[in-house]
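Working notes, beginning with the structure itself.
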Amino acid sequence: MASPSRRLQTKPVITCLKSVLIIYSFIFWFSGIILLAVGIWGKVSLEVYFSLLDEKATNVPYILIGASGVVILLGTFGCFATCRGSTWMLKLYAMLLTLIFLVVLVAAIVGFVFRHEIKNTFRANYERAVEDYKGITDEQSRAVDTIQSTLHCCGVANFTDWEKTEYFKEKGIPASCCKSNFNCTLADRKDPDKAKGKVYDKGCFSMVTQTMESKLSIVAGISFGIACFQLVGIFLACCLSRSITNNQYEMV
């Protein structure tokens, strides 16, 4: 049996660790709210780009939203486990944090390794969408219009890409390529020489790539920050569990 003075030294440590871990769990829970907001923002702002990728890519925002739900539940569980002072709950909390950290780490590595493949897939799908463009009658055509009008670009590499399409033979370059609708008539859009200067000259592939990289870097940065933050929780949960266990042995 440990001396009373030793037990008195251990209890403040446990109290301090509990307080810090509760604060951490609340911050972790709040980070889940942030991740949820990022997932919804990604769904809204990047949906048009994801629609031109494969079906798996369109699930990325939903994965973030699902992950945020797990983080919120885990943060709640962490607060409960800390308040109860249960060693097995704290160990389970640390294990779950470790598991999520590894999943996020693997997902980040896979995304980094296959980033060029994602670009190539988008380019191939965008070229197909331009080739099969039908106006506003289908989702991919509307996505092309949205990208061109929003990013101020035209075609894949430049506006001359439209000359190879069936749509150009009938209606010329789409109106979404026009810099201004006031001096960009149908006759202008049917004549590449007249269209030059009246439509955007930059290609959409380079613009989309830059936009997606900038926005995805925000998502990746927040996700990576939350993942690294979990290491703090793992350390605190393990320390508190060990301190509680040692205190129980000292009382025997």
Inset, instruction - Can you tell me which residue among Lys164, Lys215 is open to solvent by 70 Å² or more (accessible area, probe 1.4 Å), out of contact with any strand residue (DSSP E or B) (no Cβ under 7 Å at 6 or more places or on another chain) and modelled with pLDDT under 90? - result: Lys164
Inset, instruction - Determine the pairs where a residue that is free of Cβ contacts under 8 Å to residues at least 24 places away in the same chain, located within segment 127-146, has a partner that is in a loop (DSSP other than H, G, I, E, B) and open to solvent by 60 Å² or more (accessible area, probe 1.4 Å) with Cβ atoms under 6 Å apart, the partner being 6 or more residues away or on another chain. - result: Ser141/Lys134; Arg142/Ile136
Legend entry - Tally of residues being among the small types (Gly, Ala, Ser), more than 22 Å from the chain's Cα centre (by Cα) and part of a helix (DSSP H, G or I) across segment 125-155: 3
Inset, instruction - Inspect all residues belonging to segment 189-196 and state whether any of them is hydrophobic (A, V, I, L, M, F, W, C) and either open to solvent by 20 Å² or more (accessible area, probe 1.4 Å) or under 25 Å from the mean Cα position of the chain (by Cα) (or both). - result: no
Legend entry - Which listed residue is of a type in the set (Lys, Arg), more than 20 Å from Val44 (Cα to Cα) and touching a Leu at 6+ places or on another chain (Cβ under 8 Å), from Lys179, Lys134, Lys171, Lys164: Lys171
Inset, instruction - List every residue pair whose Cβ atoms sit under 8 Å apart, with the two residues 6 or more apart in sequence or on different chains, where the first one lies in segment 83-106 and is within 23 Å of Gly225 (Cα to Cα) and the second, anywhere, is open to solvent by 60 Å² or more (accessible area, probe 1.4 Å). - result: Leu90/Cys238; Lys91/Cys238; Ala94/Cys238; Ile100/Val70; Phe101/Leu231; Val104/Phe224
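The values are calculated or read from the model by the stated rules, or taken from the named source; none is laboratory data. It should be emphasised that the depicted structure is a prediction, and the values quoted were computed from it without experimental measurement. Glycine also receives a Cβ, built like all others from the backbone with ideal geometry; neighbour counts cover every protein chain displayed. The accessibility values were calculated without ligands, DNA or RNA, using every heavy atom of the protein model including side chains. Shrake-Rupley method; radii C 1.70, N 1.55, O 1.52, S 1.80 Å.
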